[in-house]
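Working notes, beginning with the structure itself.
Any read-out appearing in this document is the output of simple, stated calculations on the displayed coordinates, not a laboratory observation. Owing to the predicted nature of the structure, the values given are computational and were not obtained by experimental measurement. No Cβ is skipped: glycine too gets one built from the backbone with ideal geometry, and neighbour counts run over all protein chains shown.
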Amino acid sequence: MANNKRLGIDIDGTITCPTTFIPYINHSFNLNLTLKDLTVYDLATVIGITSKEFYEWMIVHEHDIYRNASLVDHALHVLAEWEKQHQLIYISARNDLYKDVTHRWFVENKVPFHHVELIGKHDKLDAVKKHNIDVFFEDKHDNACDIGEECDIPVILFNAPYNQDPIHKNVIRVNNWQEANNWVNYYFTEKK
């Protein structure tokens with residue numbers, strides 16, 4: 001089957017479990033956080049440290065966090081199905097320094113991809129435009145709304161405690177990859 005749509009997909013908190021950072025944070029800061037405690041995206045705020053302190057902590061732990069990240073339920077199955085007919089283009093805020101560990105993670109976890117781009121910042125608008133993305137998949141609220149508005153494309157936002165603000169009309173909330181798959185199947189069937 002031909003690759004007929006270009007799907008832009010975030011990595012952290014979207015295909016990886018949104019709880020990935022929690023064990024590292026709990027261990028380092030002697031906390032007992034769960035996902036429901038992450039009511040804002042800024043983890044420094046949740047932990048109660050400065051952005052600088054969080055950045056320094058990330059330098060120490062980021063490689064291991066990315067290397068050991070777990071896939072979120074059903075993502076692998078859905079992505080394997082989509083790969084048969086769509087282009088899977090991952091656009092992540094991860095720094096390009098983590099290109100090798102990210103690529104290794106994709107291969108070791110058998111996550112299908114056509115392209116992976118680590119842009120080193122949360123603003124993904126330029127990358128979404130550059131790759132002419134048809135639908136984007138995200139967990140960060142402001143990214144989802146910015147992409148939906150600026151690029152005028154649907155953005156699937158994976159529900160999490162940290163992304164509950166009101167959404168743009170082009171943003172569609174889903175609770176899991178099965179719901180995302182149902183939406184994509186319906187959307188592309190209706191668009192034909």
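Please work out which option in (1) 16.4, 48; (2) 16.3, 53; (3) 15.2, 47 gives Rg and Dmax of the Cα atoms in Å calculated from these coordinates, and answer with its label. Calculated Rg and Dmax of the Cα atoms in Å: the matching label is (2). Taking each residue as 0.36 nm, the span from residue 49 to residue 36 lengthens on full extension beyond its C-alpha to C-alpha distance by 2.8 nm. Rounded to the nearest 0.05, the FRET efficiency derived from the C-beta distance between residue 190 and residue 129 at R0 = 22 Å is 0.35.
For residue 36, a cut-off of 21 angstrom between C-alpha atoms picks up these lysines, skipping any fewer than 8 places away in its own chain: 140.
When the square roots of the Cα gyration tensor eigenvalues are ordered a ≥ b ≥ c, the ratio a/c for region 121-177 is 1.5 or more and a/b exceeds b/c, which makes its shape prolate.
May I ask which of 52/130; 124/169; 99/121 have a Cα-Cα span longer than 22 Å here?
Details: 52/130 31 Å; 124/169 19 Å; 99/121 14 Å.
Listed pairs above 22 Å: 52/130.
Only helical runs count toward this figure. For the chain, summing -39,500 (n - 2.57) over DSSP H runs of n ≥ 4 and dividing by all residues gives -12500 deg cm²/dmol at 222 nm.
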